[in-house]
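The values are calculated or read from the model by the stated rules, or taken from the named source; none is laboratory data. None of the values given here were measured: they were computed from a predicted structure. We place every Cβ from the backbone using ideal geometry, glycine too, and count neighbours over all the protein chains shown.
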Amino acid sequence: MANHSSSHYPDIGALGEDLVTQWLESNSWLILHRRWRCRWGEIDIIAQREDDSGTAILIFVEVKTRSAGSWDAGGRMAIAPSKQVKLCRTAAMFLTNFPEKADYPCRFDVAIVCCQRKITRTNAIFSLSASGYYLTLQEYIQAAFEYSIDNQ
């Protein structure tokens, strides 16, 4: 079996983000940015749509893509308080750079994606097959954590 360099393998994180992006778009979300970066960090997906009352809402989505049986509960444990603070600071910087969106209600969501080499039967919300991997959106947590952007 050949030992390939890391560049030979697909970016599993990007594939997980592709899956979540497709799912959000299929649920009428407009994707504004992918992997938006600033000095504080990176937000995987930033999207918006209007709620039932016609008010635009903005979501900052953290995508955690893991193989089955990962050590950190599929990525859930990776959203520690320190990560939440980092995401909030990054979101605050986004709103500073896009002041026309500064008054939108904001929410922090977390998407848990499972990545496998072969297709198995699951109760997935959404799935995608790419680059020899089978990805499933296992859980989408709306308002996964509360944190005030204003206090950053």
How many residues does the range 30-50 contain that are more than 11 Å from the chain's Cα centre (by Cα), touching a residue at least 40 places away in the same chain (Cβ under 8 Å) and closer than 15 Å to Gln142 by Cα? 1
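Modelled with pLDDT under 95 and either of a type in the set (A, V, I, L, M) or assigned to a helix (DSSP H, G or I) (or both): is that true of Arg66 in this structure?
no
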Per the filter on the range 86-111, residues surrounded by 15 or more Cβ atoms within 10 Å (Cβ to Cβ) and assigned to a helix (DSSP H, G or I) are Lys86, Leu87, Cys88, Arg89, Thr90, Ala91, Ala92, Met93, Phe94, Leu95, Lys101
Looking for something modelled with pLDDT of 95 or more, surrounded by 16 or more Cβ atoms within 10 Å (Cβ to Cβ), in contact with a Ser or Thr (Cβ under 7 Å, 6 or more places away or on another chain) and under 15 Å from Ala111 (Cβ atoms) - is there at least one such residue anywhere in the range 42-53? yes
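Which residue is modelled with the lowest pLDDT, if the candidates are limited to the range 109-146 and must be more than 17 Å from the chain's Cα centre (by Cα) and aliphatic (A, V, I, L, M)? So that I can check it myself, show each step before the final result.
Just the residues of the range 109-146 that are more than 17 Å from the chain's Cα centre (by Cα), to begin with: 116-123, 129-134.
Of the ones still in play, those that are also aliphatic (A, V, I, L, M) are 119, 130.
Working: Ile119: 61, Ala130: 67.
Top of the filtered list is Ile119.
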